[in-house]
Amino acid sequence: MKNRNGCMMHLWIIRAEFPSVLPPKYQSGEIQIPIEFSERITHFGISSNLIMYPTRVMHEDLKTTTNNVNCWKGATTLLPLIGGFVGDAYTGRFHIVLFSSLFILLFVNVTYVVLHATS
């Protein structure tokens, strides 16, 4: 490409500096993203075995097992929405994420201890 004087012009790509939209110490994403990722992995891992284990090992009928699985899936779908509303409206995001993380860790540890005590 030539300019008015007949000299070659070089096209340079200029990197624009945009102001950051995130605050300087954005900590909620560092906690929330791994928690949500592990929650989804856990949900799909458990939901695949929720029909087989109660019917084969615990000898429940299929109707009761299906009802329990549907209740569990409904609870796992609605609880994040309720927690999000409470976190945004009343407590603040960081506090509710911290509380739910501690609650999940406590629940997983108690479940682990109970399952190993019975086996």
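What the table below lists for this structure:
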| quantity | calculated |
| --- | --- |
| Gain upon complete extension [Glu30, Ile82; 0.36 nm per residue less C-alpha separation] | 16.6 nm |
| Within-13-Å neighbourhood charge of Thr65 [Cβ basis; K, R +1; D, E -1] | +1 |
| In sequence order, calculated HN-Hα J values of region 60-68 (Karplus, 6.51, -1.76, 1.60; Hz; x Gly/Pro) | 7, 6, 5, 5, 5, 5, 5, 5, 5 |
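Values in this text are rule-based calculations from the coordinates and carry no lab data. In this text the structure is predicted, and so the values were computed from the model without any measurement. Note: ideal-geometry Cβ built from the backbone for every residue, glycine included; neighbour counts use all protein chains shown.
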